[in-house]
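This report refers to the structure that appears directly beneath it.
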């Protein structure tokens, strides 16, 4: 019983990480039709900026309020990079899908190379509060606090995103734009502002994933964003492009399948099962769990 | 003679190698309804979309489009709409996942008081169904929502594309009545296949054929000329009935195929 609880909660921790990356990716694709392969870079920037801030930013550190400040700095850095990417590189390329893919893939590779050139290719220990290294006993299972932190953060982000989409003017524009972008402009709305906003939201969530992923794994490395991005894409496709709620459901399914199959089967089999699940969803329900609707 | 509200000169649109409009020129009067007619695929919808700046990015638009003294070409759609160009697209395009109230709220503009009173006076049902998802409305209700959304703001010109397409005869009559009332306060450029509706609403007509203007003039005159309607639109004027309240006339429409 304890093992099942532990696998469930660590699976949900992984799901939380996937959700934080996938939710922004899904909104960006749903609204702007941009397949952003550079999304993993926002995660990397968030992780490295948090790591750097903990050691160098006055007031920031690896514990208490200092750690919160370091994470805020990391999220702000990820958001800023996402906004700059949208304004400088993506905006001139809307409706030019192939060029978008080339630019975002190139940026992703260049971003990883830049992180490697600056801080080296080896994983570095991530500064984190002591309590995140400890475990909490839940129904007989000793669950790592870092995973619980990720779950709590993902639930808060999900709630905040849904409230934003449901109750704000920009949320309404995004939900409508995911359905029919052209018609939003035909109502007199400059939809490009919403594009920048979803990039900012996606960048912030991915950067938060980078910071909290550093806490969860205990290290930060240049390629972390790229490897997580693959599973985030799978989550987006299974959940349905443009649906935050769909991404949440899909992240839970993917995280749990990976964790359980890897434990009870062979290590690595969980990843293969997730790809199999993706194939099944594409065959039976190509629009994903929630289709192309920015669910509020 | 009063100045036209819209002046289209030598409008050419090429999309994916297809030369859909080949030098179209016409004007829209500052009052009443001007109808854009023609067989399927002649470029009626393409014309409206070019005016409102919705030609696909891969398309090429040339010519001159002026609303009053203002040139419309190369201006982004949202600016044209904010400048008073209201657009109701073919197939309604309501946001199915949003409620009726949210669809209307989306059309609100900062600093402008939305004319909910006017919209709900024309379409009381929209007020009653505010919390209903737009995707669950009937075709007629969706059309009313699409028109109501545009009427929330003041417009200098309305572009309305096939508002009666796919609607039941009784609903066609209701929509025609509403458009008649709307046209009392704002000029309308209407694309419409239903000739009974055209006869009821339109004062001026522009007929397109093969990407060019084939005829312009008085709409009723056109519909009385059997030879003209047969040659330009493929239907005889004798088939045209006038929709009126309480009746459900048999309404001929120009045979439909895929439109541009």
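Mind listing whichever residues of the stretch B:111-135 are loosely packed, with under 15 Cβ neighbours inside 10 Å and either within 9 Å of another protein chain (Cβ to nearest Cβ) or in contact (Cβ under 8 Å) with a residue 40 or more places away in the chain (or both)?
Listed by number, the residues that qualify are B:112, B:135.
Determine, yes or no, whether residue B:143 is over 25 Å from residue A:168 (Cβ atoms) and either away from chain A (no Cβ under 14 Å) or surrounded by 19 or more Cβ atoms within 10 Å (Cβ to Cβ) (or both).
yes
Among the residues of the stretch A:87-102, write down those that are outside any helix (DSSP H, G or I) and surrounded by fewer than 16 Cβ atoms within 10 Å (Cβ to Cβ).
A:95, A:96
Going by the conditions given, is residue B:41 assigned to a loop (DSSP other than H, G, I, E, B), away from chain A (no Cβ under 14 Å) and closer than 28 Å to residue A:184 by Cβ?
So residue B:41 passes the test.
Quick grid of which residues meet (1) more than 30 Å from residue B:112 (Cβ to Cβ); (2) exposed (fewer than 15 other Cβ atoms within 10 Å of the Cβ); (3) modelled with pLDDT of 95 or more:
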{"residue": "B:152", "(1), (2), (3)": "no, no, yes"}
{"residue": "B:158", "(1), (2), (3)": "no, no, yes"}
{"residue": "B:169", "(1), (2), (3)": "yes, no, no"}
{"residue": "B:178", "(1), (2), (3)": "no, no, no"}
{"residue": "B:186", "(1), (2), (3)": "no, no, yes"}
{"residue": "B:190", "(1), (2), (3)": "no, no, yes"}
{"residue": "B:222", "(1), (2), (3)": "yes, no, no"}
{"residue": "B:228", "(1), (2), (3)": "yes, no, no"}
{"residue": "B:246", "(1), (2), (3)": "yes, yes, no"}
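I'd like the full set of residues that are more than 7 Å from every other protein chain (Cβ to nearest Cβ) and part of a helix (DSSP H, G or I), limited to the stretch B:92-110.
Listed by number, the residues that qualify are B:100, B:101, B:103, B:104.
Would you be able to say whether some residue in the stretch B:59-66 is touching a helix residue (DSSP H, G or I) at 6+ places or on another chain (Cβ under 8 Å) and more than 14 Å from every other protein chain (Cβ to nearest Cβ)?
yes
Output the number of residues of the stretch A:223-253 satisfying the condition of being more than 21 Å from residue A:144 (Cα to Cα) and crowded, with 24+ Cβ neighbours inside 10 Å.
Total satisfying the criteria: 16.
If a residue must be within 11 Å of chain A (Cβ to nearest Cβ) and under 13 Å from residue A:185 (Cβ atoms), how many such residues does the stretch B:67-86 contain?
Result for the stretch B:67-86: 8.
Assuming residue B:89 fulfils every condition listed in (1) within 15 Å of residue A:186 (Cβ to Cβ); (2) away from every other protein chain (no Cβ under 12 Å) apart from one, which condition is it?
Failed condition: (2).
Which pairs do you get when a residue that is within 14 Å of chain B (Cβ to nearest Cβ) and at positive phi, found in the stretch A:85-98, comes within reach of a residue that is modelled with pLDDT under 90 and not in a helix (DSSP H, G or I), reach meaning Cβ atoms under 6 angstrom, with the pair 6+ apart or on two chains?
A:95/B:57
Which is touching a helix residue (DSSP H, G or I) at 6+ places or on another chain (Cβ under 6 Å) and not in a helix (DSSP H, G or I), of A:178, A:143?
A:143
Is one or more of the residues making up the stretch A:103-115 surrounded by 13 or more Cβ atoms within 10 Å (Cβ to Cβ), within 14 Å of chain B (Cβ to nearest Cβ) and under 23 Å from residue A:198 (Cα atoms)?
no
Quick grid of which residues meet (1) more than 15 Å from the chain's Cα centre (by Cα); (2) within 14 Å of another protein chain (Cβ to nearest Cβ); (3) in a helix (DSSP H, G or I):
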residue: A:173; (1), (2), (3): yes, yes, yes
residue: A:208; (1), (2), (3): no, no, yes
residue: A:222; (1), (2), (3): yes, no, no
residue: A:228; (1), (2), (3): no, no, yes
residue: A:234; (1), (2), (3): no, no, yes
residue: A:249; (1), (2), (3): no, no, yes
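Being out of contact with any helix residue (DSSP H, G or I) (no Cβ under 8 Å at 6 or more places or on another chain), over 22 Å from residue B:49 (Cβ atoms) and assigned to a helix (DSSP H, G or I) narrows it down to one residue among B:154, B:117; which is it?
So the residue among B:154, B:117 that is out of contact with any helix residue (DSSP H, G or I) (no Cβ under 8 Å at 6 or more places or on another chain), over 22 Å from residue B:49 (Cβ atoms) and assigned to a helix (DSSP H, G or I) is B:117.
The values are calculated or read from the model by the stated rules, or taken from the named source; none is laboratory data. Source: prediction; values computed, not measured. No Cβ is skipped: glycine too gets one built from the backbone with ideal geometry, and neighbour counts run over all protein chains shown.
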